[in-house]
Amino acid sequence: MSRPEHQAPAEIVYNDTEAKKYTVNTRIQAIQADMSYRALELLNLPEDKCCYLLDIGCGSGLSSEVLEDEGHVWVGVDISPSMLEVAQERDIQGDMFLQDIGDGFGFRPGTFDGAISISVIQWLCNADKKYHNPKKRLARFFSTLYSSLARGARAVFQFYPENPDQVELIVGSAMKCGFTGGLVVDYPNSSKAKKFYLCLFAGFADDPSNSPSLPKGLGAEGEEPRSSVDYAHERIKERRRRGKKSRAPIKDRNWVLHKKEVSRKKGKTNVPKDSKYTGRKRRVRF
(Lines give C-alpha, C1' and ligand atoms only; values in the text may rest on other atoms or scores of the structure.)
Protein backbone atom coordinates (compact mmCIF):
# COMPACT_ATOMS: atom_id res chain seq x y z
CA MET A 1 0.00 0.00 0.00
CA SER A 2 1.46 3.35 -1.06
CA ARG A 3 1.94 6.21 1.36
CA PRO A 4 -0.94 8.76 1.43
CA GLU A 5 1.36 11.64 0.45
CA HIS A 6 2.29 9.77 -2.74
CA GLN A 7 -1.32 9.39 -3.86
CA ALA A 8 -2.38 13.05 -4.12
CA PRO A 9 -2.27 16.33 -2.16
CA ALA A 10 -3.74 16.10 1.35
CA GLU A 11 -6.83 18.15 0.49
CA ILE A 12 -7.66 15.60 -2.23
CA VAL A 13 -6.73 12.44 -0.32
CA TYR A 14 -8.90 13.44 2.62
CA ASN A 15 -12.09 14.30 0.76
CA ASP A 16 -15.60 14.13 2.24
CA THR A 17 -15.74 10.33 2.19
CA GLU A 18 -12.22 9.64 3.44
CA ALA A 19 -12.45 12.30 6.15
CA LYS A 20 -15.50 10.63 7.69
CA LYS A 21 -14.01 7.13 7.36
CA TYR A 22 -10.78 8.31 8.98
CA THR A 23 -12.58 9.90 11.92
CA VAL A 24 -14.90 7.00 12.80
CA ASN A 25 -12.19 4.33 12.55
CA THR A 26 -11.66 3.17 16.14
CA ARG A 27 -8.13 1.93 15.48
CA ILE A 28 -7.09 5.31 14.09
CA GLN A 29 -8.74 7.03 17.05
CA ALA A 30 -6.70 4.94 19.50
CA ILE A 31 -3.42 5.48 17.63
CA GLN A 32 -4.01 9.22 17.33
CA ALA A 33 -4.83 9.50 21.04
CA ASP A 34 -1.70 7.54 22.04
CA MET A 35 0.60 9.66 19.88
CA SER A 36 -1.08 12.89 21.01
CA TYR A 37 -0.59 12.01 24.68
CA ARG A 38 3.05 11.18 23.99
CA ALA A 39 3.54 14.50 22.15
CA LEU A 40 1.90 16.35 25.03
CA GLU A 41 4.21 14.55 27.46
CA LEU A 42 7.26 15.65 25.44
CA LEU A 43 6.05 19.26 25.56
CA ASN A 44 6.70 19.16 29.32
CA LEU A 45 4.07 21.82 30.12
CA PRO A 46 3.57 23.18 33.65
CA GLU A 47 1.26 20.97 35.69
CA ASP A 48 -1.05 23.67 37.07
CA LYS A 49 -1.25 25.94 34.02
CA CYS A 50 -3.78 26.12 31.20
CA CYS A 51 -1.62 26.65 28.11
CA TYR A 52 -2.42 28.06 24.68
CA LEU A 53 -1.36 25.45 22.12
CA LEU A 54 -1.20 25.16 18.34
CA ASP A 55 -2.32 21.89 16.72
CA ILE A 56 -0.68 21.73 13.28
CA GLY A 57 -2.69 19.53 10.93
CA CYS A 58 -5.58 19.17 13.40
CA GLY A 59 -7.78 17.37 10.86
CA SER A 60 -11.11 16.34 12.37
CA GLY A 61 -9.92 17.10 15.90
CA LEU A 62 -8.78 13.68 17.14
CA SER A 63 -5.52 15.06 18.53
CA SER A 64 -7.13 18.32 19.64
CA GLU A 65 -9.52 16.43 21.93
CA VAL A 66 -6.52 15.25 23.93
CA LEU A 67 -5.38 18.85 24.45
CA GLU A 68 -8.87 19.83 25.53
CA ASP A 69 -9.21 16.89 27.93
CA GLU A 70 -5.94 17.90 29.59
CA GLY A 71 -7.34 21.39 30.25
CA HIS A 72 -5.58 23.40 27.53
CA VAL A 73 -6.90 25.91 25.01
CA TRP A 74 -5.92 25.25 21.41
CA VAL A 75 -5.96 26.58 17.86
CA GLY A 76 -5.88 24.18 14.92
CA VAL A 77 -4.85 24.54 11.27
CA ASP A 78 -5.43 22.08 8.44
CA ILE A 79 -5.36 22.08 4.64
CA SER A 80 -8.37 19.78 4.15
CA PRO A 81 -11.80 21.52 4.11
CA SER A 82 -13.51 18.13 4.52
CA MET A 83 -11.58 17.36 7.69
CA LEU A 84 -12.49 20.74 9.20
CA GLU A 85 -16.15 20.22 8.31
CA VAL A 86 -16.14 16.89 10.14
CA ALA A 87 -14.56 18.64 13.14
CA GLN A 88 -17.36 21.21 13.13
CA GLU A 89 -19.96 18.46 12.98
CA ARG A 90 -18.35 16.86 16.04
CA ASP A 91 -18.63 20.16 17.97
CA ILE A 92 -14.92 20.34 18.61
CA GLN A 93 -14.17 23.23 20.96
CA GLY A 94 -11.40 25.31 19.41
CA ASP A 95 -10.61 27.81 16.70
CA MET A 96 -9.73 26.14 13.40
CA PHE A 97 -8.26 27.66 10.24
CA LEU A 98 -8.04 26.37 6.68
CA GLN A 99 -4.38 26.85 5.80
CA ASP A 100 -1.45 25.35 3.93
CA ILE A 101 1.31 25.17 6.55
CA GLY A 102 3.90 25.35 3.78
CA ASP A 103 2.88 28.99 3.30
CA GLY A 104 3.80 29.77 6.90
CA PHE A 105 1.82 31.33 9.75
CA GLY A 106 0.65 34.86 10.40
CA PHE A 107 0.27 34.70 14.19
CA ARG A 108 1.69 37.36 16.46
CA PRO A 109 5.16 36.68 17.88
CA GLY A 110 5.10 34.68 21.11
CA THR A 111 1.45 33.71 20.82
CA PHE A 112 1.62 30.02 21.74
CA ASP A 113 2.99 28.13 24.73
CA GLY A 114 3.65 25.07 22.60
CA ALA A 115 2.73 23.21 19.43
CA ILE A 116 2.08 19.60 18.45
CA SER A 117 1.65 17.90 15.11
CA ILE A 118 0.64 14.29 14.40
CA SER A 119 1.58 12.69 11.06
CA VAL A 120 1.80 15.93 9.09
CA ILE A 121 5.24 17.42 8.34
CA GLN A 122 6.32 14.61 5.99
CA TRP A 123 3.78 16.07 3.52
CA LEU A 124 5.98 19.18 3.17
CA CYS A 125 8.72 17.06 1.58
CA ASN A 126 6.55 16.58 -1.53
CA ALA A 127 6.14 19.03 -4.39
CA ASP A 128 2.42 18.70 -5.14
CA LYS A 129 2.41 21.76 -7.41
CA LYS A 130 4.85 23.15 -9.95
CA TYR A 131 5.84 26.10 -7.80
CA HIS A 132 6.36 23.98 -4.64
CA ASN A 133 9.92 23.76 -3.39
CA PRO A 134 10.17 21.47 -0.32
CA LYS A 135 13.24 23.23 1.11
CA LYS A 136 11.66 26.68 0.83
CA ARG A 137 8.32 25.48 2.21
CA LEU A 138 10.00 23.84 5.21
CA ALA A 139 12.05 26.99 5.83
CA ARG A 140 8.94 29.17 5.66
CA PHE A 141 7.04 26.81 7.97
CA PHE A 142 9.71 26.54 10.67
CA SER A 143 10.71 30.22 10.60
CA THR A 144 7.14 31.48 11.10
CA LEU A 145 6.46 28.78 13.71
CA TYR A 146 9.55 29.85 15.66
CA SER A 147 8.26 33.41 15.68
CA SER A 148 4.78 32.43 16.87
CA LEU A 149 6.08 30.43 19.87
CA ALA A 150 6.91 32.00 23.22
CA ARG A 151 10.58 31.86 24.16
CA GLY A 152 11.32 28.61 25.91
CA ALA A 153 8.30 26.87 24.37
CA ARG A 154 8.50 23.49 22.66
CA ALA A 155 7.12 22.05 19.46
CA VAL A 156 6.71 18.28 19.06
CA PHE A 157 6.12 16.66 15.68
CA GLN A 158 5.25 12.99 15.23
CA PHE A 159 5.93 11.99 11.65
CA TYR A 160 6.60 9.02 9.38
CA PRO A 161 9.83 9.63 7.45
CA GLU A 162 10.20 7.83 4.15
CA ASN A 163 14.00 7.57 4.34
CA PRO A 164 17.00 9.02 6.25
CA ASP A 165 17.38 11.83 3.71
CA GLN A 166 13.90 13.04 4.57
CA VAL A 167 14.75 13.08 8.28
CA GLU A 168 17.90 15.07 7.58
CA LEU A 169 15.98 17.55 5.43
CA ILE A 170 13.31 18.18 8.07
CA VAL A 171 15.65 18.37 11.07
CA GLY A 172 18.17 20.50 9.19
CA SER A 173 15.49 22.98 8.11
CA ALA A 174 14.30 23.37 11.70
CA MET A 175 17.82 23.98 13.04
CA LYS A 176 18.56 26.62 10.41
CA CYS A 177 15.47 28.56 11.59
CA GLY A 178 16.73 28.88 15.16
CA PHE A 179 15.31 25.78 16.83
CA THR A 180 17.37 23.48 19.02
CA GLY A 181 16.53 19.94 20.04
CA GLY A 182 16.50 16.82 17.94
CA LEU A 183 14.90 13.50 17.13
CA VAL A 184 13.32 11.24 19.77
CA VAL A 185 12.71 7.66 18.64
CA ASP A 186 10.39 5.42 20.66
CA TYR A 187 11.02 1.67 20.49
CA PRO A 188 13.80 1.88 17.88
CA ASN A 189 14.19 -1.91 17.75
CA SER A 190 10.53 -2.59 16.92
CA SER A 191 9.31 -2.47 13.34
CA LYS A 192 5.66 -1.90 14.32
CA ALA A 193 5.87 0.25 17.45
CA LYS A 194 8.72 2.49 16.27
CA LYS A 195 7.71 6.16 16.32
CA PHE A 196 9.63 9.32 15.37
CA TYR A 197 9.13 12.55 17.33
CA LEU A 198 10.93 15.75 16.43
CA CYS A 199 11.25 17.68 19.71
CA LEU A 200 12.21 21.33 19.16
CA PHE A 201 13.02 24.11 21.63
CA ALA A 202 12.24 27.72 20.70
CA GLY A 203 15.03 29.51 22.52
CA PHE A 204 15.36 29.91 26.29
CA ALA A 205 12.88 31.44 28.70
CA ASP A 206 15.37 32.55 31.37
CA ASP A 207 19.04 31.66 31.56
CA PRO A 208 20.56 30.39 28.29
CA SER A 209 23.02 28.30 30.30
CA ASN A 210 20.12 26.17 31.58
CA SER A 211 19.30 24.75 28.18
CA PRO A 212 16.72 21.94 28.15
CA SER A 213 17.93 18.44 27.47
CA LEU A 214 16.46 16.23 24.78
CA PRO A 215 14.00 13.67 26.23
CA LYS A 216 14.83 10.00 25.97
CA GLY A 217 12.85 7.69 23.71
CA LEU A 218 10.78 4.88 25.15
CA GLY A 219 12.15 1.35 24.91
CA ALA A 220 15.65 2.55 24.06
CA GLU A 221 17.27 -0.15 26.17
CA GLY A 222 15.53 -3.19 24.74
CA GLU A 223 12.21 -2.66 26.52
CA GLU A 224 9.32 -4.44 24.87
CA PRO A 225 6.73 -2.11 23.29
CA ARG A 226 3.36 -1.93 24.97
CA SER A 227 -0.06 -2.00 23.36
CA SER A 228 -0.57 1.67 24.17
CA VAL A 229 1.74 4.60 24.77
CA ASP A 230 3.89 4.34 27.88
CA TYR A 231 3.20 7.39 30.02
CA ALA A 232 6.65 7.56 31.54
CA HIS A 233 6.20 10.98 33.05
CA GLU A 234 6.00 10.62 36.82
CA ARG A 235 3.59 13.50 37.32
CA ILE A 236 1.00 11.83 35.11
CA LYS A 237 1.38 8.57 37.02
CA GLU A 238 1.02 10.38 40.34
CA ARG A 239 -2.06 12.24 39.11
CA ARG A 240 -3.73 8.98 38.14
CA ARG A 241 -2.84 7.37 41.47
CA ARG A 242 -4.51 10.23 43.30
CA GLY A 243 -7.61 9.77 41.18
CA LYS A 244 -8.06 13.47 40.53
CA LYS A 245 -6.33 16.34 38.83
CA SER A 246 -4.88 19.34 40.59
CA ARG A 247 -6.01 21.53 37.70
CA ALA A 248 -9.58 22.82 37.90
CA PRO A 249 -11.94 20.84 35.66
CA ILE A 250 -12.56 22.48 32.32
CA LYS A 251 -15.90 20.82 31.59
CA ASP A 252 -17.92 22.44 34.37
CA ARG A 253 -21.39 24.00 34.22
CA ASN A 254 -20.15 27.15 32.46
CA TRP A 255 -18.43 25.02 29.80
CA VAL A 256 -21.65 23.06 29.17
CA LEU A 257 -23.71 26.24 28.91
CA HIS A 258 -21.20 27.78 26.50
CA LYS A 259 -21.19 24.69 24.30
CA LYS A 260 -25.00 24.65 24.15
CA GLU A 261 -25.07 28.35 23.27
CA VAL A 262 -22.59 27.77 20.43
CA SER A 263 -24.78 24.94 19.10
CA ARG A 264 -27.86 27.21 19.17
CA LYS A 265 -26.01 29.92 17.24
CA LYS A 266 -25.16 27.31 14.61
CA GLY A 267 -28.90 26.77 14.09
CA LYS A 268 -29.21 23.38 15.75
CA THR A 269 -32.72 22.68 17.03
CA ASN A 270 -32.11 19.59 19.17
CA VAL A 271 -30.11 21.36 21.89
CA PRO A 272 -31.47 20.49 25.39
CA LYS A 273 -32.91 23.36 27.43
CA ASP A 274 -30.96 24.86 30.30
CA SER A 275 -32.06 23.92 33.81
CA LYS A 276 -30.78 23.70 37.38
CA TYR A 277 -29.57 20.18 36.54
CA THR A 278 -27.34 21.34 33.68
CA GLY A 279 -23.74 20.25 34.25
CA ARG A 280 -24.56 18.40 37.47
CA LYS A 281 -22.23 15.69 38.70
CA ARG A 282 -23.83 12.27 38.36
CA ARG A 283 -23.32 9.37 40.68
CA VAL A 284 -21.25 6.43 39.53
CA ARG A 285 -23.35 3.51 38.31
CA PHE A 286 -22.20 -0.06 38.72
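The values are calculated or read from the model by the stated rules, or taken from the named source; none is laboratory data. All of these numbers come straight from a predicted model, not from anything done at the bench. Cβ placement follows ideal geometry from the backbone for every residue including glycine, while neighbour counts extend to all protein chains displayed. Only protein heavy atoms, including side chains, enter the accessible area calculation; ligands, DNA and RNA are left aside. Shrake-Rupley method; radii C 1.70, N 1.55, O 1.52, S 1.80 Å.
Any residue at all in the stretch 20-39 that's closer than 22 Å to ASP69 by Cβ, in contact with a helix residue (DSSP H, G or I) (Cβ under 7 Å, 6 or more places away or on another chain), touching a residue at least 40 places away in the same chain (Cβ under 8 Å) and of a type in the set (A, V, I, L, M, F, W, C)?
no
When you scan the stretch 73-87, do you find a residue that is in contact (Cβ under 8 Å) with a residue 40 or more places away in the chain, over 18 Å from GLU5 (Cβ atoms) and in contact with a Gly (Cβ under 9 Å, 6 or more places away or on another chain), even just one?
Among the residues of the stretch 73-87, at least one is in contact (Cβ under 8 Å) with a residue 40 or more places away in the chain, over 18 Å from GLU5 (Cβ atoms) and in contact with a Gly (Cβ under 9 Å, 6 or more places away or on another chain), which makes the answer yes.
For residues in the stretch 123-135 being without any contact (Cβ under 8 Å) to a residue 12 or more places away in the chain and not charged (D, E, K, R), which is most open to solvent (accessible area, probe 1.4 Å)?
Top of the filtered list is TYR131.
When the stretch 144-154 is examined, which residues are found to be over 9 Å from ASP113 (Cα atoms) and either under 15 Å from the mean Cα position of the chain (by Cα) or open to solvent by 30 Å² or more (accessible area, probe 1.4 Å) (or both)?
Result: LEU145, TYR146, SER147.
Name the single residue, out of those in the stretch 1-57 being in contact with a Ser or Thr (Cβ under 9 Å, 6 or more places away or on another chain) and of a type in the set (Gly, Ala, Ser), that is most open to solvent (accessible area, probe 1.4 Å).
ALA30
Closer than 16 Å to PHE159 by Cβ, crowded, with 17+ Cβ neighbours inside 10 Å and under 12 Å from the mean Cα position of the chain (by Cα) - does that describe any residue in the stretch 65-73?
no
Between a residue in the stretch 249-260 that is under 17 Å from GLY94 (Cβ atoms) and in a loop (DSSP other than H, G, I, E, B) and any residue that is at pLDDT 75 or above and among the hydrophobic types (A, V, I, L, M, F, W, C), which pairs come within a Cβ distance under 8 Å, given they are 6 or more apart or on different chains?
ILE250/CYS50
Quick one: is LEU138 open to solvent by 40 Å² or more (accessible area, probe 1.4 Å), at pLDDT 90 or above and assigned to a helix (DSSP H, G or I)?
Answer is no for this residue.
Inspect the stretch 97-108 for any residue being in contact (Cβ under 8 Å) with a residue 60 or more places away in the chain, open to solvent by less than 60 Å² (accessible area, probe 1.4 Å) and either under 15 Å from the mean Cα position of the chain (by Cα) or under 30 Å from HIS258 (Cβ atoms) (or both) and give the result as yes or no.
So far as the stretch 97-108 goes, no, none of its residues is in contact (Cβ under 8 Å) with a residue 60 or more places away in the chain, open to solvent by less than 60 Å² (accessible area, probe 1.4 Å) and either under 15 Å from the mean Cα position of the chain (by Cα) or under 30 Å from HIS258 (Cβ atoms) (or both).
Whether any residue in the stretch 112-121 is assigned to a helix (DSSP H, G or I), open to solvent by 10 Å² or more (accessible area, probe 1.4 Å) and out of contact with any Cys (no Cβ under 6 Å at 6 or more places or on another chain) is what I want to check.
Checking the stretch 112-121: not a single residue is assigned to a helix (DSSP H, G or I), open to solvent by 10 Å² or more (accessible area, probe 1.4 Å) and out of contact with any Cys (no Cβ under 6 Å at 6 or more places or on another chain).
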